Ligand SMILES: [Zn+2]
C-alpha cells in the first residue's frame, strides 16, 4: 500500500472517545439483576448480525464481552445519525444511576461488515476501559480518564493503543474463522 493510501485509510479510522453526551432512557432496566442482564446491546438488525458474527469467530471479542458482562456498564451500539465523514465510531457516556453506567457506541452504518466488526470491537475496548474505571460517572470524568490513559489525536478526541490493536485482532480472527469454515464446507 502506498503511503498516501495508508494516510487516507488512517484518516478514515479516527475512532473517537468524544465529549458529546447523548441521552439514553434509563428506565425499564433492572440494574440489580446481573445474571439476566445483557450488557452489550446492538440496536439494529445489521449491528446484531455483526456482533453475532464477531462472537462466533473471535475469541478476543468473546473475552471482551465477558469482561463487560461482569461490569456495571450497559453498552448500546447504534448507528451514527447523521453519519460523520471521517469518523467510523464513537463512545459516549450516556448516563449513570446507582449500580449502573450507560454507554453508547455510535458507528457509521455505511461501513462494510468487516469494517463494522473492527469498529465495534474497537469501541467495546473503550467501553471496557471505562468499565474498569469506576470513578467515571459522566462525560467530564470520562474525558479525564482519557487525558490520563489515552493520547489526543484531534482536539478533544482521544485514542488508546489497546483499542487500535483489538479492532485489528478481532477482524483477523473472524476472517480466519470464516475462511476455515468455508474450507470445511467445501470438503463436504
Ligand atoms: Zn478509539
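Pairs are defined by a Cβ separation below 6 Å, a sequence spacing of at least 6 or placement on different chains, a first member in region 84-106 that is closer than 14 Å to residue 157 by Cα, and a second member that is within 16 Å of the ligand (Cβ to nearest atom) and part of a strand (DSSP E or B); the pairs so defined are 87/16; 89/107; 90/16; 90/106; 91/17; 91/105; 92/104. Entry remark, region 88-101: residues being farther than 21 Å from residue 172 by Cβ and within 13 Å of the chain's Cα centre (by Cα) number 4 in total. Can you tell me which residue is modelled with the lowest pLDDT among those in region 154-179 that are surrounded by 14 or more Cβ atoms within 10 Å (Cβ to Cβ) and not in a helix (DSSP H, G or I)? Among them, the one singled out is 157. Among the residues of region 160-175, those identified as without any contact (Cβ under 8 Å) to a residue 12 or more places away in the chain and within 15 Å of the ligand (Cβ to nearest atom) are 161, 165. The residues of region 87-129 that are within 21 Å of residue 50 (Cα to Cα), in a loop (DSSP other than H, G, I, E, B) and out of contact with any helix residue (DSSP H, G or I) (no Cβ under 6 Å at 6 or more places or on another chain), listed by number, are 87, 108, 109, 110, 111, 112. Selection of region 116-131 for residues being more than 11 Å from the chain's Cα centre (by Cα) and away from the ligand (no atom under 14 Å from the Cβ) yields only 131.
The values are calculated or read from the model by the stated rules, or taken from the named source; none is laboratory data. All values derive from a computational prediction rather than experimental measurement. Heads up, the Cβs are rebuilt from the backbone with ideal geometry, glycines too, and the neighbour counts pull from every protein chain shown.
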